[in-house]
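Structure first, then comments.
The values are calculated or read from the model by the stated rules, or taken from the named source; none is laboratory data. These numbers come from a predicted model, not from an experiment. Positions of Cβ are generated from backbone atoms using ideal geometry, with glycine treated the same way; all protein chains shown enter the neighbour counts.
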Amino acid sequence: MLKKTAMFVLLSAVASAGWCADVPAQWQGAVVRLIASHQNYPRSAQLRGEQGTTKLRIALNPDGKVGEVDLAVSSGSAILDREAQATVANIGKFPPPPAGVTSLMVPIVWRLN
């Protein structure tokens with residue numbers, strides 16, 4: 001049986017986005033948990049053995065509402081990339097970000113075990 005695993009590496013995303021180190025870990029954790037709770041590994045990608053890392057650039061309004069979700073780096077799988085974008089877009093709203101945060105880069109690592 002195929003098993004899905006997805007990792008959300010927000011801490012490294014914070015550094016690559018040029019954020020200050022003072023972005024609260026509690027907020028980062030809330031964003032990671034929210035994405036993870038909505039994530040599904042598409043069955044067609046599982047059957048094809050598709051894996052990789054999708055990097056998304058997410059624009060946020062001050063209230064946490066998702067403005068745009070752009071594919072920054074493809075995982076190499078159109079199926080996984082579309083699923084990552086749809087997952088974030090369907091969430092619609094994150095916890096209000098800390099002052100000064102208007103976007104984030106989130107790598108979503110897709111691995112089959």
In region 20-52, the residues that are on the phi > 0 side of the Ramachandran plot and loosely packed, with under 14 Cβ neighbours inside 10 Å:
Gly49
Residue count, region 57-113 (criterion: within 16 Å of Arg33 (Cβ to Cβ) and among the aromatic types (Phe, Trp, Tyr))
1
Matching residues in region 83-101 - criterion: being exposed (fewer than 15 other Cβ atoms within 10 Å of the Cβ), in contact (Cβ under 8 Å) with a residue 40 or more places away in the chain and over 15 Å from Asn61 (Cα atoms)
Asn90
Taking into account only those residues within region 1-14 that are out of contact with any Lys or Arg (no Cβ under 9 Å at 6 or more places or on another chain) and surrounded by 12 or more Cβ atoms within 10 Å (Cβ to Cβ), which is modelled with the lowest pLDDT?
Leu11
